[in-house]
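Presented below is the structure to which this report refers.
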Amino acid sequence: MNRSRHNQSWRPVLEQSEAAGHAVNAASLMVSLIDVGVLTGIREYFDTADRLWRDVIGTKLYITGGIGSTGNEGFGRPYSLPNLSAYCESCAAFMFIAFNHRLFLATGDGRYIDVMERTMYSNAVDGVSATGDRFFYVNRLASAGDGRDHRWEKASLECCPPNLVRFLHSCPVTSSRKPRMRYM
């Protein structure tokens, strides 16, 4: 079998307790776990998502709310959060925001909104210029001054600009929106 941390197949999903591998894929898995748990009522999915969330929050989250510390777009070792080589990919931020939002909707617990807002305002939104025509794919915490940390006019991957548009479109106009789903 082709089991890998990179694609989150290294262990059966409900046995996972460590955020590992590709950060976008891992965050997508986390969103899916919450959705399945809420929609089916199977508590194990929620519990797995919560374990993964605690691992990220406790050992793998940048102060900006960014996730993914390695050059292969993935989670690194616990507490290994380098500034210059931080990856903190914009698309990972969008998925992590969605994950925290879903956790909040499922529980009503404000700590998920705290993390969501940190990621939203300090990682995701700064991935696009104020003019809306230049993008960061990687959101480092430091610059080497070698020109690689400028926003791109055209992203080399086509995921970030449309994911940003989808993310911004999903944001409520006011904060009076009430949770639609609750887990239990």
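The values are calculated or read from the model by the stated rules, or taken from the named source; none is laboratory data. Keep in mind that this is a model prediction, so the values were computed, not measured. Here the Cβ is made from the backbone with ideal geometry for all residues, glycine too, and neighbour counts use every protein chain on show. Ligands, DNA and RNA are stripped out before the accessible areas are found, and what is left, the full protein with its side chains, is counted by its heavy atoms. Shrake-Rupley method; radii C 1.70, N 1.55, O 1.52, S 1.80 Å.
Just wondering, is there one or more residues in region 44-65 that are more than 26 Å from Thr107 (Cα to Cα) and under 16 Å from the mean Cα position of the chain (by Cα)?
no
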So, of the residues in region 8-31 that are part of a helix (DSSP H, G or I) and more than 14 Å from the chain's Cα centre (by Cα), which turns out to be nearest to Asp109 (Cα to Cα)? Leu14
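Condition check ((1) touching a strand residue (DSSP E or B) at 6+ places or on another chain (Cβ under 7 Å); (2) surrounded by fewer than 18 Cβ atoms within 10 Å (Cβ to Cβ)) across all residues:
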{"position": "Arg54", "(1), (2)": "no, yes"}
{"position": "Arg77", "(1), (2)": "no, yes"}
{"position": "Ser80", "(1), (2)": "no, yes"}
{"position": "Ala93", "(1), (2)": "no, no"}
{"position": "Ala98", "(1), (2)": "no, no"}
{"position": "Gly127", "(1), (2)": "yes, no"}
Scope region 32-52; condition touching a helix residue (DSSP H, G or I) at 6+ places or on another chain (Cβ under 8 Å), part of a helix (DSSP H, G or I) and either open to solvent by less than 10 Å² (accessible area, probe 1.4 Å) or more than 23 Å from Glu117 (Cα to Cα) (or both); matching residues: Leu33, Ile34, Val36, Gly37, Arg43, Glu44, Tyr45, Thr48, Ala49, Leu52
